[in-house]
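Engineer: Take this structure, written in structure tokens, and hold onto it; I'll ask about it next.
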């Protein structure tokens, strides 16, 4: 099997947590980071329990780790309000951003509902 694509999930809510569970089963994507803004977030706690690196200071908190952790793709499950800035910061570091927000920046992506 080829090397997995390392990923960050931004937004530890229901969508981000569901995506994390699906990535854990993926043959192609390895979740490395879960990012949020609330240190008491259940999604961040769950990710940490699974051995995923977590950050409760938003995207700015992981920027120094993007290169060293070889992050290639980010899935933004936050809000349209913050997506544009998250995308700009990560794109500058060569990270492909998948927009799961209502921001409608770039092509639309609909993740599978029931991936087996």
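Engineer: Taking a ≥ b ≥ c as the square roots of the eigenvalues of the Cα gyration tensor of the chain, is the shape rounded (a/c under 1.5), prolate (a/b larger than b/c) or oblate? List each step's numbers first, then the result.
Structural biologist: On the way: a/c = 1.13, a/b = 1.08, b/c = 1.05.
Note, shape of the chain comes out rounded.
Engineer: Whole angstrom only: what separates the Cα centroid of the stretch 56-81 from the Cα centroid of the stretch 13-53?
Structural biologist: 12 Å
Engineer: Right, next: Need one number: nm distance between label points at residue 50 and residue 105, each 7 Å from Cα along Cα→Cβ, rounded to one decimal.
Structural biologist: Placing both labels 7 Å along Cα→Cβ, they lie 2.5 nm apart.
All of the numbers you see were taken from the coordinates with simple rules; none came from a lab. On a predicted model such as this, the values are computed, not experimentally measured, just so you know. Counting neighbours? That spans all protein chains shown, and the Cβs are built from the backbone with ideal geometry, glycine included.
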